[in-house]
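Everything on this sheet refers to the single structure shown next.
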Amino acid sequence: MKTESFNSNATKKPRLLAILGSPNKDGLNAKMLSICTKAAEHAGWQVDTVDLYSKNIAFCKGCDACMKLHTCAFAEKDDMAEIIELLRACDMVALAAPIYWANVPGVVKNLFDRLRGVAMEETVTFPKALLSGKKYLFFTSCNTASPFAEIFGQTGGIKRAVHEFFKTAGIKCNGTFICTNAKKQKDVPEKLKQKISHYWEKQ
Ligand SMILES: Cc1cc2nc3c(=O)[nH]c(=O)nc-3n(C[C@H](O)[C@H](O)[C@H](O)COP(=O)(O)O)c2cc1C
């Protein structure tokens, strides 16, 4: 009996949930995410991918029901139920989304909104994190070149917004990968490709 349960645990792969938050299927964010998922699979991880722009995700209604339910009250009415299940089951999230107005694209913000009751519980003091123990990787890009992307708050703005969601959910950042000067890049710069691959070689 003991041996059986040991074996089933030993064969269980860690799970990565890869979320694409860019409308460009062949864009820089899709490419960075693809490098990440291939490297993760090579490292023995099970990968599930969610392309947000091809999903049916209604706007958060701000009804607050999720604060009591610990899930979105309307999750079964669109694709949120599937995403919530994958998020709860994963060990790590890889989110790839371009910088729009120094922030995340609307679909990503709406995803965070719809996940409010899955991510955290309100208490009389600080919010209680409901997804502790998981990690996240964040991939992003912007047209502004470095160091202006940092100086003018483009990269800082999106990192703050993304970290706010994950930190509140109890999900720790394990790496941020930023491709600046995006308009001039035909492909992910070699250095960034190597940084992504190196991350997975250490896992
Ligand atoms: C609506 C919109 C807003 C944008 N806002 C910014 C911005 O604030 N700063 C910036 O440097 N680039 C901005 N960009 C450029 C995008 O960041 C760039 O197109 C993206 O990084 C390319 O990624 P992709 O190849 O995955 O689409 C914006 C683009 C769009 C479409």
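Summary table below
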item: Set of aspartates and glutamates with alpha-carbon distance to Lys13 below 14 Å, sequence-local pairs under 8 removed; result: Glu41, Asp48, Asp91
item: Integer Hz, Karplus 6.51/-1.76/1.60 couplings in order for segment 49-55, x for Gly and Pro; result: 10, 10, 9, 4, 6, 9, 9
item: Loop trypsin sites (Lys or Arg not before Pro), segment 165-197 (other Cβ atoms within 10 Å of the site Cβ: 13 or fewer; DSSP); result: Lys186
item: Long-range amide H partners of Ile19 with built H, under 5 Å; result: Val50, Ala94, Leu95, Ala96
item: Pairwise label distance in nanometres, Asn174 with Ala81, each label 7 Å out on the Cα-Cβ vector; result: 3.0 nm
item: Residue exposure sequence - Leu130, Leu20 - by fewest surrounding Cβ within 10 Å; result: Leu130, Leu20
item: Value of relative contact order over the chain, rounded to a whole percent, pairs C-alpha under 8 Å and six or more apart; result: 24 percent
item: For the chain: Kirkwood Rh in Å [reciprocal of mean 1/r, alpha carbons]; result: 17.8 Å
item: Phi-based couplings in Hz for segment 185-194 (Karplus 6.51, -1.76, 1.60; Gly and Pro marked x); result: 9, 7, 9, 5, x, 3, 4, 6, 4, 5
item: Among beta bridges that DSSP assigns inside segment 52-201, antiparallel share in %, nearest 5; result: 20 percent
item: Computed helical MRE - 222 nm, the chain, DSSP H runs ≥ 4 contributing -39500 (n - 2.57), nearest 500; result: -11500 deg cm²/dmol
item: Gain on full stretching of the segment that runs from Asn24 to Lys135 - 0.36 nm per residue minus C-alpha separation; result: 37.4 nm
item: Sites Glu201 and Tyr53 - FRET efficiency at Förster radius 30 Å, r taken between beta-carbons, to 0.05; result: 0.45
item: Under the Karplus curve 6.51 cos²θ - 1.76 cosθ + 1.60, θ = phi - 60°, whole-Hz ³J(HN,Hα) for segment 141-156, x wherever Gly or Pro sits; result: 8, 8, 6, 5, 7, 7, x, 5, 4, 7, 4, 8, x, 5, 6, x
item: Segment 1-108: equivalent-ellipsoid semi-axes (sqrt of 5 x gyration tensor eigenvalues, Cα, Å); result: 28, 23, 10
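Coordinate-derived values only; no laboratory data. Here the structure is a predicted model, which means the values were calculated and not measured. We place every Cβ from the backbone using ideal geometry, glycine too, and count neighbours over all the protein chains shown.
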